[in-house]
Amino acid sequence: MWACWPLPSGSPTGSPCGDSGPGGKKPAQAATLFDSVLRIEVATQNPDYGTPWNAGGFSGGNGTGFLIGPNQILTNAHVVSNARRILVTQRNSARKLPATIQHIAHDCDLALISLDDPAPLEGLIHLPIGGMPELDSEVRAIGYPVGGDRLSVTRGIVSRIDFRPYSHSRSDSHLIIQVDAAINPGNSGGPAIQGDKVIGVAFQGLTQADNTGYIIPTPVINRFLTDIEDGRYDKYMDLGLTSFPLFNPAMRKALGLPDDDRGVLVTGIIPDGPCDGFMQENDILLAIDGNPIDSAGNITVDGETLVLHEIVERKFAKDTVKLDFLRDGSRQSAEIILKPLPGAPIFTVIYGERPEYIFYGGLVIQPLTLNAMSAHRLTGVTIRHLTTNYLNKAIFRERPEILVLTRVESDELTANMGGFTDSVINTINGEKVRDLKHAYELLYEKEQPEFTVIEFENMGRPLVIPSAKVEAVNQRLMKTNNIPSNHYLGE
């Protein structure tokens with residue numbers, strides 16, 4: 001049985017399913033909801049963090065987007081990440097229309113693109129953004145998944161509303177809606193419809209289970225659209241604290257708490273974060289913006305039980321949050337101003353940027369990023385220790401970037417240096433290294449010492465290089481390996 005999609009209110013009149021009009025003729029020019037769902041074809045160039053001077057390999061894929069305003073096509077960030085060319089195809093059309101990214105948010109996997117020539121989109125319906133669906137309510141997902149070239153529609157039931165990781169960045173968690181409709185490759189970026197409104201954007205599936213897909217709900221969508229109103233995306237804020245649930249009755253009694261299922265234990269405060277100077281370890285967090293926090297760290301928002309951080313999820317930089325807490329048995333409150341957490345890109349995947357590096361006498365030095373860790377399989381104890389403590393021990397204050405010797409190219413000068421790979425650089429010529437730019441200044445300073453001495457974290461022996469030989473080694477190896485420059489330090 002075929003099902004028709006309802007048109008949003010205010011849409012052009014006509015038959016959305018192609019039913020006959022007066023006299024048995026089709027109103028062929030009546031735009032339907034389906035026509036506003038577009039196929040997105042992307043050619044990508046993926047940075048090569050293994051050999052960071054290389055341009056990276058080309059690949060491609062396709063996804064879905066949908067029209068939400070004049071020449072405003074909403075899709076997933078992962079659909080258009082690292083894009084070198086974006087082509088949009090309308091339903092029942094073979095014409096490929098060039099498009100450009102306007103805004104992209106990797107932390108919540110959303111992007112807004114537009115056609116270079118918006119004329120083909122004129123007259124199409126702008127899909128309205130709705131609210132949160134109820135559990136056990138029906139949802140339809142529209143898109144262009146694998147298995148064919150034409151538009152696909154699947155039905156599912158809202159089976160869960162939760163706060164879960166977003167796989168695109170590998171580090172961010174936000175509100176999600178789980179549905180039992182299939183979310184397959186190509187579906188990404190397509191709308192999930194309930195009634196006549198969008199209630200989410202399809203973005204990932206669960207490989208361990210059948211017919212378990214996830215959609216990005218409207219609070220996340222609306223926050224993204226609000227954030228970009230000033231022309232740029234500022235990312236999510238964070239409280240900068242960690243907490244521990246207080247289920248255990250004995251623990252509650254030891255902390256002097258009543259058996260009322262209220263409050264969580266503050267176990268850590270990130271230095272220089274929003275809560276630094278206001279909250280302390282061992283405080284009992286009781287409420288956030290007046291919303292009581294239960295012993296699992298949950299609050300009730302719009303009738304749903306969600307993690308307390310959902311309050312912060314819907315706010316922006318410089319917004320305030322009121323926290324109620326117990327300290328040494330005394331009830332207190334604090335109003336904090338939200339700001340981004342300090343830190344470096346070691347916790348999230350980087351997209352759309354060239355890898356940074358220094359090439360020095362056959363040594364390749366790179367900042368520690370999740371991309372570099374994956375490319376070079378950096379799993380040593382020292383690296384794990386630094387990443388674990390980077391924020392809570394304020395390592396970022398003296399080392400905005402952690403530098404790693406990732407490669408040693410083969411040459412007579414580097415013949416015995418292979419044992420230093422994957423080591424974290426501590427000092428260069430006795431000076432503590434702050435970041436990649438600082439390392440480049442030390443390695444390529446005008447007045448070179450007779451020997452360049454590089455010391456590493458938790459390694460007893462330094463690496464000693466005769467400075468006078470570096471230029472000749474650079475020329476040999478850069479020519480052999482097609483390395484265009486001895487450094488790239490970012491824009």
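The values are calculated or read from the model by the stated rules, or taken from the named source; none is laboratory data. Everything numeric in this text was worked out from a predicted model, so none of it was measured. Cβ coordinates were reconstructed from backbone atoms using ideal geometry, including for glycine residues, and neighbour counts include every protein chain displayed. Side chains are part of the model used for accessible areas, which takes the heavy atoms of the whole protein and leaves out ligands, DNA and RNA. Shrake-Rupley method; radii C 1.70, N 1.55, O 1.52, S 1.80 Å.
Tell me yes or no: at least one residue of the range 433-447 is under 28 Å from Gly268 (Cα atoms) and of a type outside the set (Lys, Arg).
Checked against the condition, which is being under 28 Å from Gly268 (Cα atoms) and of a type outside the set (Lys, Arg), the range 433-447 yields at least one hit.
In the range 48-92, which residue that is in a strand (DSSP E or B) and basic (Lys, Arg) is surrounded by the fewest Cβ atoms within 10 Å (Cβ to Cβ)?
Arg84
If only one of Ile336, Ile365, Ile350 is surrounded by 22 or more Cβ atoms within 10 Å (Cβ to Cβ) and either within 30 Å of Pro274 (Cα to Cα) or not aromatic (Phe, Trp, Tyr) (or both), which one is it?
Ile365
If you scan the range 231-251, which residues turn out to be open to solvent by 80 Å² or more (accessible area, probe 1.4 Å) and not in a loop (DSSP other than H, G, I, E, B)?
Phe244, Pro249
Can you tell me which residue in the range 165-186 is nearest to Val139 (Cα to Cα), limited to those that are under 13 Å from the mean Cα position of the chain (by Cα) and in a strand (DSSP E or B)?
Among those that are under 13 Å from the mean Cα position of the chain (by Cα) and in a strand (DSSP E or B), it is His174.
Do we find that Ile228 is open to solvent by 10 Å² or more (accessible area, probe 1.4 Å), outside any loop (DSSP other than H, G, I, E, B), touching a residue at least 60 places away in the same chain (Cβ under 8 Å) and of a type in the set (A, V, I, L, M, F, W, C) in this structure?
So Ile228 passes the test.
Matching residues to (1) in contact with a Cys (Cβ under 8 Å, 6 or more places away or on another chain); (2) open to solvent by 40 Å² or more (accessible area, probe 1.4 Å); (3) touching a residue at least 24 places away in the same chain (Cβ under 8 Å):
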residue	(1), (2), (3)
Lys437	no, yes, yes
Glu447	no, yes, no
Val453	no, yes, yes
Gly460	no, yes, no
Leu463	no, no, yes
Lys469	no, yes, yes
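So which residues in the range 136-160 are among the hydrophobic types (A, V, I, L, M, F, W, C) and surrounded by fewer than 21 Cβ atoms within 10 Å (Cβ to Cβ)?
Val146, Leu151, Val153, Ile157
When you go through (1) more than 19 Å from Thr267 (Cα to Cα); (2) open to solvent by 60 Å² or more (accessible area, probe 1.4 Å) one by one for Thr320, which number turns out not to apply?
For Thr320, the failing item is (2).
Going residue by residue through the range 284-306, is there one that turns out to be under 27 Å from Lys393 (Cβ atoms), open to solvent by 50 Å² or more (accessible area, probe 1.4 Å) and not basic (Lys, Arg)?
Checking the range 284-306: not a single residue is under 27 Å from Lys393 (Cβ atoms), open to solvent by 50 Å² or more (accessible area, probe 1.4 Å) and not basic (Lys, Arg).
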